[in-house]
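**Q** My structure is below; once you've seen it, I'll send some questions.
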Amino acid sequence: MGLICPSHWVLLYNSRDQGLGANRFTHHVLNYRGPSLTFLQGEGGVEFCIAATDEWKESNHYWGHDGCMVIQILPLFQVVEQGPKILYLNTSIRGYPQGVRAGKDPRKPAIDVDEGFTVVNYREIPYRLQGIEVWGCGTTHSREAQLDMQKWQVKQAEKQRQVKLSASDWVDHPDRYLLELAGRQSYNK
């Protein structure tokens, strides 16, 4: 989407490099504790921007402060909507709309990205989603804090993968039973 930007801005997510999908978006964007610009590029040359003053967060409620905006960039530049509580992201909470939404009316958001990140609807007109870029516009500390949080999450996931079994746990463990069925009686080799 070719953007000239201040040197302290950082590209958090580019769907062309990191894949287009909800899990890719959330992995690269969540926990960045600063303002951001999200550019959505649709089929036919349409382009939109969601300006968030707050960090992105998953919720079943709309969020954001007064400086949040939905902007149409192409084919006609215009501020579509602005104000508090116009942003929405949900990829996991059941019973609520999934995807990214932006707009004052929750029933008819100005921008609606479906849960598969394949279609962006602008005022209920669908466009095939071709690309997303998210730029972090906060301080360098915002990005460093995000990277630290991601490292911590990886460490926690690794800890959860390692299961330590005591001798008493191993006696009734299903893996032991399967090994014995396969004819293996010795387990420390």
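**Q** Could you tally the net charge around ASP105, taking each other residue with its Cβ under 12 Å from the Cβ of ASP105, Lys/Arg +1 and Asp/Glu -1?
**A** Here the charged neighbours net out to +3.
**Q** Excluding LYS151 itself, calculate the net charge of residues whose Cβ lies under 12 Å from the Cβ of LYS151, where each Lys or Arg counts +1 and each Asp or Glu counts -1.
**A** That sum, taken over residues with Cβ under 12 Å, equals -2.
**Q** Counting Lys and Arg as +1 and Asp and Glu as -1, what is the net charge of the other residues whose Cβ lies under 13 Å from the Cβ of ASN14? Please report the intermediate quantities before stating the final value.
**A** On the way: positive: ARG16, ARG24; negative: ASP17, GLU133.
Overall, the nearby charge balance is 0.
**Q** As a check on your grasp of the helix formula, calculate [θ] at 222 nm for the chain: sum -39500 (n - 2.57) over DSSP H runs of n ≥ 4, divide by the residue count, round to the nearest 500.
**A** -7000 deg cm²/dmol
**Q** Testing the spin-label approximation: label points 7 Å from Cα along Cα→Cβ at GLN160 and HIS8. State their distance in nm.
**A** 3.5
**Q** Identify, among PRO174, ILE86, TYR32, the residue whose Cα sits farthest towards the positive end of the charge dipole of the chain, taking +1 on the Cβ of Lys and Arg and -1 on the Cβ of Asp and Glu, with the dipole about the Cα centre.
**A** Working it through, the farthest residue towards the positive pole turns out to be PRO174.
**Q** Once you've got the Cα coordinates, tell me which of LYS57/LYS155; LYS57/LYS104; LYS85/LYS151 are over 19 Å apart.
**A** LYS57/LYS155; LYS85/LYS151
**Q** Given Cβ point charges of +1 (Lys, Arg) and -1 (Asp, Glu) and nothing else, what value in debye, to the nearest 20, does the dipole of the chain about its Cα centre take?
**A** Around 400 debye, computed over the chain.
None of the figures in this text is laboratory data; all of them are computed from the coordinates on show. Remember, predicted model here, so these are calculated numbers, not experimental data. Cβ coordinates were reconstructed from backbone atoms using ideal geometry, including for glycine residues, and neighbour counts include every protein chain displayed.
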